[in-house]
Amino acid sequence: MEMDIDELKEKIIEVGIQLLKENLTHGTCGNISCRVDKEKILITPSSLPYGDIKPDDILLVNLDGEVLEGKRNPSVETPFHTAIYKNRDDVKAIIHTHSQYALAVSSVVDSIPVFLDEIFSHIGGELTVSRYALPGSDELAENLLNVLGDKNAALLSNHGAVCCGKNLDEAFEVARVVEQICKIFILSSCLGKTKVLPEEGREYQRAMFEMKKEF
Ligand SMILES: [Zn+2]
């Protein structure tokens, strides 16, 4: 069932509050967007606490980042959101978090190998950390696209996570899973070298990921 713009705005507000509740972001950090149609998206405003966002604060922008409706400034990270939508027809919602374990991992390693079933089935492959670039820059968007490929998530170096889905609920679920994976990766790394899933396990999870995509 397709949602109209007002319903999508309400859903974005709901997701923002849920991100705070589940400790997936803090303060005004992170941002949320979703596709309205092929050329337009809704995105959260810059520097407004999630609990204060009202439907009118959410911006309608085109894929060149131009504001079509709304008085506030769109999120500073609008360039990477629009870059993903331009490159991925299947992505209908994006959630960017500054969750604690994702921040920790993104500040130390370049990728999390496929060591848990969830990584493949939800993300579609290893969770890669994109090369560092300044927040809001075109370079950050480019670096992110390079590692995202057709997957549902990637980490931004020293910064946080970017999670995609075919709707806001799915993007939120990916955000949850990414944080869980980062936490377990940190725990297992303390015990020693992490065992990567064998080839057959990776193939099986990749098939599950592709099946979910078509649904
Ligand atoms: Zn950020």
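A short reminder: the numbers here are calculations on the coordinates, not readings from a lab. None of the values given here were measured: they were computed from a predicted structure. Cβ placement follows ideal geometry from the backbone for every residue including glycine, while neighbour counts extend to all protein chains displayed.
Summary table below
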quantity: Fluctuation leader among L187, L42, L140 - the chain, Gaussian network, Cα springs under 10 angstrom; calculated: L187
quantity: Karplus 3J(HN,Hα) series, Hz, for segment 76-91 with 6.51 cos²θ - 1.76 cosθ + 1.60 (x for Gly, Pro); calculated: 4, 8, 3, x, 6, 4, 5, 4, 5, 4, 5, 8, 9, 4, 6, 7
quantity: Burial ordering of C182, C163, C190, fewest other beta-carbon atoms within 10 Å first; calculated: C190, C182, C163
quantity: At 1.002 mPa s and 20 °C, Stokes D of segment 5-214 from Kirkwood alpha-carbon radius, µm² per second; calculated: 126
quantity: Under 23 Å from the Cα of K193 - lysines, other chains or at least 8 residues apart; calculated: K183
quantity: 18 Å Cα-Cα reach of K92 towards lysines, excluding residues that sit fewer than 8 places from it in its own chain; calculated: K9, K11, K38, K40, K151, K166, K212, K213
quantity: Interchain or long-range residues, amide H under 5 Å from A93's placed H; calculated: R35, G165, N167
quantity: For segment 144-154, Karplus couplings with θ = phi - 60° (6.51, -1.76, 1.60), whole Hz, Gly/Pro x; calculated: 5, 4, 4, 9, 5, x, 9, 7, 9, 7, 8
quantity: Centroid-to-centroid separation of segment 26-60 and segment 110-185 [C-alpha atoms, Å]; calculated: 20
quantity: 3J(HN,Hα) from dihedral phi, segment 36-47, Karplus parametrisation 6.51/-1.76/1.60, rounded to Hz, x for glycine, proline; calculated: 9, 7, 4, 10, 10, 10, 9, 9, 5, x, 6, 6
quantity: Principal-axis tilt of helix 168-191 within the chain, Cα atoms, nearest 10 degrees; calculated: 30
quantity: For K21, K183, order by how many other beta-carbon atoms lie within 10 Å, fewest first; calculated: K21, K183
quantity: Cβ-Cβ FRET estimate between E118 and K21, R0 fixed at 22 Å, reported to 0.05; calculated: 0.55
quantity: Simple Cβ-charge dipole of the chain, Lys/Arg +1 and Asp/Glu -1, about Cα centre, in debye nearest 20; calculated: 580
quantity: Förster radius 22 Å - calculated FRET efficiency between N167 and D6 (Cβ-Cβ, nearest 0.05); calculated: 0.85
quantity: Residue-averaged [θ]222 nm for the chain, counting only DSSP H segments that reach four residues, each worth -39500 (n - 2.57); calculated: -13000 deg cm²/dmol
